[in-house]
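Data block below; observations after.
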Amino acid sequence: MADEREQPVRRVLVVVAHPDDVDFGSAGTIATWTDAGLEVSYCIVTDGDAGGVDPEVPRSAIGVIRQDEQRKAAAILGVTDVEFLGYPDGRLMVSFELRRDITRVIRRTRPDRMVVPFPHRDLQSVYSSHPDHQAAGEAALCAVYPDARNPFAHPELLAEEGLEAHTVPEVWVMGAHDRADHYVDITDTFDRKIAALRAHASQTAHMTTLEKRMRGWGSLQAQAAGLPAGRLAEGYLVLDTR
């Protein structure tokens, strides 16, 4: 009898705080998964309306721009299911409402695997320690356990929307750095990672060293994975959440 942990993964749900978070952290990995036939969905908690660097762009337009950029980036990686929850950028907190809304997406997409941000402050990484990233990661983990699998949590999701309880078997935490215990070789999908990041023009157009920086990060993770010189990787802490 096959081990349950060896059952095939068919559907993946990625939960992040902002448009572009998934592409900085996991675009290479996502491309390898969609190439292998996996169905990948995105749940973007905010519209990224506090982002952008161009003072000529009205602040009221940023959210719509960033949604469009994320959909274009997703398409480059083979992802078409992109949902935005519309929470305010820069003010994200682990609320009961956020847990419910992520639970709704879990029950709708019924993933075999989830990818979430690192839920704790990393004193060695300012980027990973963005408060919105921490809140999105913690709320997503709360939705994985206990909310999504408990039929008595958020009962309106079943009563009003017909969304039945679902248990997510595993969670991959990105941005875990020295805690990572699993790596994906993204050498062959690195160009698509860069293309996806470039689709976020409001955030990356001014980054003249973007590819060099991403290659450097990928090289460090490949070294941690024990891959040969010249390879690139993205690392995760993988949790058994059955």
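Does the range 190-242 classify as rounded, prolate or oblate by the C-alpha gyration tensor (a ≥ b ≥ c root eigenvalues; a/c under 1.5 gives rounded; else a/b over b/c gives prolate, otherwise oblate)?
Since a/c reaches 1.5 but b/c is at least a/b, the shape of the range 190-242 is classed as oblate.
Applying 1/(1 + (r/R0)^6) with R0 = 30 Å to the Cβ-Cβ distance of ASN150 and GLN7, what FRET efficiency is obtained, to the nearest 0.05?
Values: r = 22 Å, r/R0 = 0.73.
Calculated transfer efficiency: 0.85.
Using per-residue counts of other Cβ atoms within 10 Å, averaged over each peptide, order 94-100, 14-20, 81-87 from highest down. Let's see the in-between values first.
Working: 94-100: 15.7, 14-20: 27.6, 81-87: 17.7.
In decreasing order of mean packing, 94-100, 14-20, 81-87 become 14-20, 81-87, 94-100.
What net charge do the residues around GLY90 carry, taking every other residue with its C-beta under 15 Å from that of GLY90, with Lys and Arg at +1 and Asp and Glu at -1? Mind dumping the intermediate values first?
Numbers: positive: ARG59, ARG66, ARG91; negative: ASP20, ASP21, ASP47, ASP49, ASP89, ASP132.
Counting the neighbours of GLY90, the net charge comes to -3.
For a label point 7 angstrom out from the Cα of SER95 toward its Cβ, which stretches of the range 140-164 have the backbone nitrogen within less than 15 Å?
Within reach of a label on SER95: 140.
Would you mind calculating the gained length between ARG110 and ALA36 on full extension (0.36 nm times residue separation, minus the Cα-Cα distance), in nm to one decimal? Don't skip to the end; give the middle numbers.
Values: separation 74, 0.36 × 74 = 26.64 nm, distance 1.87 nm.
Value of the extension gain: 24.8 nm.
What is the calculated FRET efficiency for GLN223 to LEU158, with r their C-beta to C-beta distance and R₀ = 45 Å, to the nearest 0.05?
Values: r = 47 Å, r/R0 = 1.04.
Efficiency computed from Cβ-Cβ geometry: 0.45.
Mind jotting down the distance between the C-alpha centroids of the range 1-79 and the range 83-131, whole Å?
12 Å
Starting from the Cα gyration tensor of the chain, take the square roots of the eigenvalues, sort them a ≥ b ≥ c, and report rounded, prolate or oblate (rounded when a/c is under 1.5, otherwise prolate if a/b is larger than b/c, else oblate). It would help to have the intermediate numbers written out before the result.
Numbers: a/c = 1.66, a/b = 1.14, b/c = 1.46.
Oblate, because a/c is 1.5 or more while a/b does not exceed b/c.
Quick one: if the Förster radius is 25 Å, what FRET efficiency do THR209 and VAL64 give, using the C-beta to C-beta distance and rounding to 0.05? Please list the in-between numbers first.
Working: r = 28 Å, r/R0 = 1.13.
For THR209 and VAL64, the calculated efficiency is 0.30.
Let me know the shape class of the range 45-114, please: from the alpha-carbon gyration tensor, a ≥ b ≥ c as square roots of the eigenvalues, rounded when a/c is under 1.5, otherwise prolate if a/b is greater than b/c, or oblate.
Numbers: a/c = 3.15, a/b = 1.36, b/c = 2.32.
The shape class here is oblate.
Applying a 10 Å radius around every beta-carbon, put 166-177, 151-162, 198-209 in order of their mean neighbour count, most first.
On the way: 166-177: 20.4, 151-162: 12.9, 198-209: 16.3.
So the order, starting with the most tightly packed, is 166-177, 198-209, 151-162.
Every number here is computed from the coordinates shown, using simple stated rules; none is lab data. Please read these numbers as outputs of a predicted model, since none were measured by experiment. Quick reminder, even Gly has a Cβ in these numbers, built from the backbone with ideal geometry, and neighbours come from all protein chains shown.
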